[in-house]
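Working notes for the structure below.
The values are calculated or read from the model by the stated rules, or taken from the named source; none is laboratory data. Here the structure is a predicted model, which is why all the values come from computation and not from measurement. Heads up, the Cβs are rebuilt from the backbone with ideal geometry, glycines too, and the neighbour counts pull from every protein chain shown. Calculation scope for accessible area: heavy atoms of the full protein, side chains included, ligands and nucleic acids excluded. Shrake-Rupley method; radii C 1.70, N 1.55, O 1.52, S 1.80 Å.
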Amino acid sequence: MTERSARRKGGGREGRREARENTVVAKAAFIERKIPYFEYLSEENLQLIEDNADILLEEIGIDFLDDPEALELWKAAGADVRGTRVHFPKGLCRSLIQATAPKEFVQHARNPERNVIIGGPRTVLVPAYGSPFVHDIDKGRRYATIEDFNNFVKLAYMAPGLHHSGGTICEPVDLPVNKRHFDMVYSHFKYSDKPLMGSVTHHERAEDTVAMAKLVFGDEFVDQNCVLTSLINVNSPMVYDATMLGSLKVYARNNQATVISPFILAGAMSPVTTAGTVTQILAEALAGIAFTQLVRPGAPVIFGTFAAAVSMATGAPTFGTPEPSMVIYAAAALSRRLGVPFRSGGGLCGSKLPDAQAAYEAANTLQTSALAGVNFMLHTAGWLEGGLAMGYEKFIMDCDQASMLAVLLGGMDMSENGQALDAVREVGPGKHYLGSAHTLRNFETAFYRSTVADNNSFEQWTADGALDTAQRANVLWKKMLNEYQAPALDAAVDDALLDFMARRKGSFADRDY
């Protein structure tokens, strides 16, 4: 994906400001990777982790809680089931996965131009997920509402660096817990035409999500194609609970994608070493991914991981440090060896504000994830406070980083124009390239132009208001929402969604769980 910047329509300070604020990035449905993966571990070390994961699966096992059907499926597949604990013969999970799990798949959007391919040499960038709070520099930290949720869906739709609408971008706590999934799914369909994620907090909410998707795409199309992705978190260490299993089965049976994702704070929910953590991640993921193939062979599935480190001084999660990067590099390589798409990474940080800590911790994780080969990058934009808050300014800052990743992964231009020998011949020694024919042909697309950074002189920056990055991002998200225009949605489909929601909401009482 390349960047295209608007021509400056004036000179001086106003022209430079307008050029920055009206920068437009070419809209690509996903990133096609053209550079090699960064391989952190040797073949020998990767094999050692795989062998250790097999030992964990066979000797220690994984708990599948409160789901007799899951235990019966495992027993029929040849696993050793003792109570709720499942022990897996060596190679069982891997053989199930490699027999039927797709190496890559298309997730369809209601706008076919927004369809994404998940897997292979591709990267799909997705907003952050699950925050109960939101933050902006005007109002500070507060509980999220459905208005905030709609705002972030609109911003994600408008952000050229993001390829996916995401799922629970923030929790609209002003709506009943057992009914808010309707409004969230509707928001994604109404205010965006990018792909989306479904609800997983109860199997009935997953079923509602699938039913709404069928109203948009049609029953047969949904049965034969992936239109939803869902996040299935392992209750680490080594437990699948009834809530996650229930939602997993709904999506897999309907041929919809699941992201099987161990959620780990290393040192608390996994061993304190990176090798031990990766071993546990692999074992947990193997069990869950294989289970999707027992539910429906060929169901699309993604090997996911979320791994942060725990401060040994305070017990708080930390982000952007070397150890989680090691985990991402190793898990990405293990996913490629397994033959399924990989999810991890994002703009993770522990900062409470869109400040320097937020920026460098997020950049560290985003760069690692890109180099490692993450296919589905959840939490790309907006993450603050260890995921407790979704930040408006942070969202804009991260989207700028996302667009940079597309340029990086796109590789170096080695065409005749990229080699630029004609420019060198024209200019020769001791002169400058600013007025050369090659520069004039390429200046509009030469070099990435940040949407939020200021590279002017001190005097120009002062005259522009002496704004820091967060303040410039604040101006930009407000401008984007003010200029938002909804993508077209068929009126009959819209009516069907609203009618379904009204009938379902009216069929049961509000609950806060």
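Some notes on this structure:
- Residues that are under 19 Å from Val185 (Cα atoms), loosely packed, with under 15 Cβ neighbours inside 10 Å and aliphatic (A, V, I, L, M), drawn from segment 464-513: Ala486, Ala488, Ala491, Ala492, Leu498, Ala502
- The set of residues from segment 452-463 being more than 37 Å from the chain's Cα centre (by Cα) and open to solvent by 70 Å² or more (accessible area, probe 1.4 Å) comprises just one member, Glu459.
- Val134 more than 25 Å from Pro341 (Cβ to Cβ) and modelled with pLDDT of 95 or more: yes
- A Cβ distance below 7 Å, combined with a sequence gap of six or more or placement on separate chains, defines the contacts here; from segment 27-38, residues that are in contact (Cβ under 8 Å) with a residue 40 or more places away in the chain reach residues that are open to solvent by 70 Å² or more (accessible area, probe 1.4 Å) and not in a loop (DSSP other than H, G, I, E, B) in the pairs Ala29/Glu113.
- Residue match in segment 243-264 (condition: among the aliphatic types (A, V, I, L, M), under 15 Å from Glu69 (Cβ atoms) and open to solvent by 20 Å² or more (accessible area, probe 1.4 Å)): yes
- Entirely in segment 454-513, the helices (runs of 4 or more DSSP H) that have 3 or more residues that are among the polar types (S, T, N, Q) and within 30 Å of Val210 (Cβ to Cβ): none
- Wholly within segment 285-398, strands (runs of 3 or more DSSP E) carrying at least 3 residues that are at pLDDT 95 or above and open to solvent by less than 10 Å² (accessible area, probe 1.4 Å): 301-304, 389-391
- Unique match (being in contact (Cβ under 8 Å) with a residue 60 or more places away in the chain and over 19 Å from Cys93 (Cβ atoms)) among Ala308, Ala313: Ala308
- Leading residue by the ranking (surrounded by the most Cβ atoms within 10 Å (Cβ to Cβ)) among those in segment 399-451 that are polar (S, T, N, Q) and assigned to a helix (DSSP H, G or I): Ser403
- Considering residues of segment 110-143 that are under 18 Å from Gln256 (Cβ atoms) and assigned to a strand (DSSP E or B) only, the residue nearest to the chain's Cα centre (by Cα): Val124
- The one condition in (1) open to solvent by less than 40 Å² (accessible area, probe 1.4 Å); (2) within 25 Å of Met244 (Cα to Cα) that Gly161 fails to fulfil: (2)
- None of Ala287, Ala275 is within 30 Å of Ala363 (Cβ to Cβ) and of a type in the set (Gly, Ala, Ser) except Ala275.
- Among (1) more than 29 Å from His202 (Cβ to Cβ); (2) free of Cβ contacts under 8 Å to residues at least 60 places away in the same chain - the single one Ala509 does not satisfy: (1)
- Elements of type helices (runs of 4 or more DSSP H) in segment 1-109, at least 1 residues being open to solvent by 30 Å² or more (accessible area, probe 1.4 Å), modelled with pLDDT under 95 and not β-branched (Val, Ile, Thr): 12-21
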